[in-house]
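Enquirer: This structure is in structure tokens; I'll ask about it shortly.
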Amino acid sequence: MKVTLRVYTYLKAELGKGEICIEIPDSDSISLGRLLEEVQKSTGKDIKEKIIKDNKIRDGIILMLNGKNLLTFESGEVLFHDGDVISVLPPGSGG
Amino acid sequence: MEEIFARHLPLIGKDGIRRLLNSKVLVAGAGGLGTVVLQILVRTGVGKIYIVDHGIVDEPDLNRQILYNRGDIGEAKVDVVIRELNKIRDVDLIGIKCTIDENFEIPEDVDIVVDCLDNFYGKFLLNDLALKKDKPLVHAGISGFYGQVTTIIPKETLSLRDMLRGALIEKRGGLPVIAVSSFSLGTIEASETIKYLIGKGTLLKNRILVVDVLHNDFQIIEIASS
């Protein structure tokens with residue numbers, strides 16, 4: 001299976017690119033934590049701790065699965081599947 | 001037609017100018033974003049603007065809040081804004097010195113609301129109040145060198161709350177911010193507002209434009225609306 005991670009603003013600067021495609025053989029789903037570990041293996045850049053804290057999405061970080069905010073999903077941990085696009089945005093709150 | 005519109009008249013036509021002159025906009029927040037939005041709306045021709053802000057001008061505001069100068073420190077922002085904007089052209093400006101809370105009433109004649117507030121508690125609440133009255137809202141938020149803009153249309157797009165669920169709700173004072181980001185994002189907010197009012201161009205409906213001026217990066221996130 002293949003999933004795409006898109007990151008924005010300081011996360012993009014941290015990762016060095018805005019989009020990364022991760023291929024996971026022999027599996028048909030992957031958790032966010034595992035996906036970010038795969039990203040680290042592939043790029044050498046650890047952005048997991050900027051997105052997850054104590055197994056939860058950090059306050060102030062918005063995660064979207066195929067354009068839908070993950071916090072609108074009712075289940076606990078969401079698993080990603082082949083073809084999914086995960087977007088991570090830390091929105092600016094100031095005015 | 002006022003001579004001040006001569007250079008953009010060919011772009012939006014007499015009908016566009018007329019629509020702007022007849023339009024009523026509420027701008028919530030007269031800080032980094034708000035002062036840019038207000039100045040553009042007045043120069044372009046909006047007829048009536050409600051300005052909501054409870055703050056006073058402080059020296060750290062002067063790095064980006066384009067309508068204020070040293071001599072204005074200590075004055076209510078709304079008073080300075082009205083004085084400065086009236087120097088540009090005659091426009092119906094109504095100052096409202098308050099913070100946005102559950103009891104705030106968006107005036108009935110408002111065509112569109114512009115969110116220039118500095119915290120997501122207020123931003124989400126403002127959109128709730130706008131939706132209650134079936135009013136569209138243009139949102140922007142900034143932090144450091146980046147920010148985002150989107151346009152919320154009742155019954156057509158997700159609410160701001162649903163779109164950006166997870167954003168930091170609490171107000172954090174003194175966030176780092178620089179004029180290049182507030183001017184850029186404020187300009188795009190004003191552009192969305194004007195396009196809505198004259199019915200021209202493409203709006204950021206169910207799309208978030210993310211702008212990072214440090215890396216010259218402009219990206220659009222497509223939002224699933226259902």
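Computed from the coordinates by the stated procedures, all read-outs in this text should not be read as laboratory data. Please read all numbers here as calculations on a predicted model, not as lab measurements. Every residue, glycine as well, gets a Cβ built from its backbone with ideal geometry; the counts of neighbours run over all protein chains shown.
Enquirer: When the C-alpha atoms of region B:91-226 are aligned to their principal axes, what extent does each axis show, in angstrom, from largest down?
Expert: So the three principal-axis extents are 41, 36, 34 Å.
Enquirer: Taking θ = phi - 60°, what integer Hz values does the Karplus form 6.51 cos²θ - 1.76 cosθ + 1.60 yield along region B:54-61, in sequence order, with x for Gly and Pro?
Expert: Per residue, the Karplus-derived 3J(HN,Hα) values read 10, x, 10, 6, 10, 4, x, 6 Hz.
Enquirer: Tell me, what HN-Hα J-couplings in whole Hz come from the Karplus equation 6.51 cos²θ - 1.76 cosθ + 1.60 at θ = phi - 60° for each residue of region A:78-95, using x for Gly and Pro?
Expert: 9, 9, 9, 10, 3, x, 5, 10, 10, 10, 10, 10, x, x, x, 10, x, x
Enquirer: What is the mean number of Cβ atoms from other protein chains located within 10 Å of the Cβ atom of each residue in peptide A:83-92, rounded to a whole number?
Expert: That average works out to 6.
Enquirer: When 1/r is averaged over all different Cα pairs and the result inverted, which Kirkwood radius in Å belongs to the protein assembly as shown?
Expert: After inverting the pairwise mean of 1/r, the radius is 20.6 Å.
Enquirer: Checking the table B:Lys77/B:Lys135; B:Lys24/B:Lys133; A:Lys12/A:Lys41 against a 21 Å threshold on Cα-Cα, which pairs fail?
Expert: B:Lys77/B:Lys135
Enquirer: Shape verdict for region B:3-222, please, from the Cα gyration tensor: rounded (a/c under 1.5), prolate (a/b greater than b/c) or oblate.
Expert: Note, shape of region B:3-222 comes out rounded.
Enquirer: To continue, here is another question. Return the long-range amide H neighbours of A:Arg58 (sequence gap of 5 or more, or a different chain), with a cut-off of under 5 Å between placed amide H atoms.
Expert: Amide H to amide H, under 5 Å and 5 or more residues apart or across chains, A:Arg58 pairs with A:Ile52, A:Lys53.
Enquirer: Taking the convex hull of the Cα atoms, report for region A:2-89 its projected area averaged over all directions, in nm².
Expert: 5.4 nm²
Enquirer: Pick out, from A:Asn66, A:Gly83, A:Leu11, the residue whose Cα sits farthest towards the positive end of the charge dipole of region A:2-89, with +1 on the Cβ of Lys and Arg and -1 on the Cβ of Asp and Glu.
Expert: Ranked along the dipole, the leading option is A:Leu11.
Enquirer: Test of understanding: in a Gaussian network model of chain B with alpha carbons linked when under 10 Å, which of B:Leu214, B:Leu85, B:Leu126 would top the mean-square fluctuation ranking?
Expert: So, out of B:Leu214, B:Leu85, B:Leu126, the one fluctuating most is B:Leu214.
Enquirer: When the Karplus curve 6.51 cos²θ - 1.76 cosθ + 1.60 is applied with θ = phi - 60°, which whole-Hz ³J(HN,Hα) does each residue of region B:161-166 get, with x for Gly and Pro?
Expert: 4, 6, 5, 10, 4, x
Enquirer: Mind checking which of B:Ile73, B:Ile51, B:Ile194 has the largest fluctuation in a GNM of chain B, springs on alpha carbons under 10 Å?
Expert: B:Ile73
Enquirer: Starting from the amide H of B:Val114, placed 1.01 Å from N in the peptide plane, find each other amide H under 5 Å away whose residue is 5 or more places distant or on another chain.
Expert: When sequence neighbours closer than 5 places are left aside, the close amide H contacts are B:Leu26, B:Val27, B:Ala28, B:Val138.
Enquirer: Could you give the size of the charge dipole of region B:14-68 about its Cα centre, using +1 on the Cβ of each K and R and -1 on the Cβ of each D and E, expressed in debye and rounded to the nearest 20?
Expert: With Lys and Arg at +1 and Asp and Glu at -1, about 540 debye.
Enquirer: Treating the beta-carbon of each Lys and Arg as +1 and of each Asp and Glu as -1, no other charges, what is the dipole magnitude of region B:3-222 about its Cα centre, to the nearest 20 debye?
Expert: Value, rounded to 20: 600 debye.
Enquirer: Could I ask something else about it? Could you work out how far the C-alpha centroid of region B:187-222 sits from that of region B:68-146, in angstrom?
Expert: That distance is 19 Å.
Enquirer: Here's another thing I want to ask about it. Would you mind giving the mean number of other chain beta-carbons within 10 Å of the Cβ of each residue in B:157-170, as a whole number?
Expert: 5
Enquirer: What size of dipole, in debye to the nearest 20, comes out for the protein assembly as shown about its Cα centre when the only charges are +1 on Lys and Arg C-beta atoms and -1 on Asp and Glu C-beta atoms?
Expert: Dipole of the protein assembly as shown, to the nearest 20 debye: 640 debye.
Enquirer: I would also like to ask the following. Could you check the spin-label model distance between B:Lys14 and B:Arg89? Points 7 Å from the Cα along Cα→Cβ, value in nm.
Expert: 1.6 nm
Enquirer: Other chains near A:54-61: what is the mean number of their Cβ atoms within 10 Å of each residue's Cβ?
Expert: Mean shielding by partner chains, rounded to a whole number: 2.
Enquirer: Based on DSSP H assignment, which helices of chain B show an axial Cα extent of at least 24 Å together with a mean Kyte-Doolittle hydropathy greater than or equal to 0.5?
Expert: B:179-198
Enquirer: Express as a percent, rounded to the nearest 5, the fraction of DSSP beta bridges in region B:1-107 (both residues included) that run antiparallel.
Expert: Here the antiparallel bridges make up roughly 10 percent for region B:1-107.
Enquirer: What residue among B:Asp53, B:Asp79, B:Asp118 has the largest mean-square fluctuation in a Gaussian network model of chain B, using Cα springs under 10 Å?
Expert: The residue that fluctuates most here is B:Asp79.
Enquirer: Restricting the count to DSSP beta bridges whose residues both fall in chain A, what percent are antiparallel, rounded to a multiple of 5?
Expert: Of those bridges, close to 80 percent are antiparallel.
Enquirer: Taking the Cα centre of the protein assembly as shown as the origin and placing charges on Cβ (Lys, Arg +1; Asp, Glu -1), which of B:Thr202, B:Asn119, A:Ile52 is farthest toward the positive end of the dipole?
Expert: Going by the charge dipole, the pick is B:Thr202.
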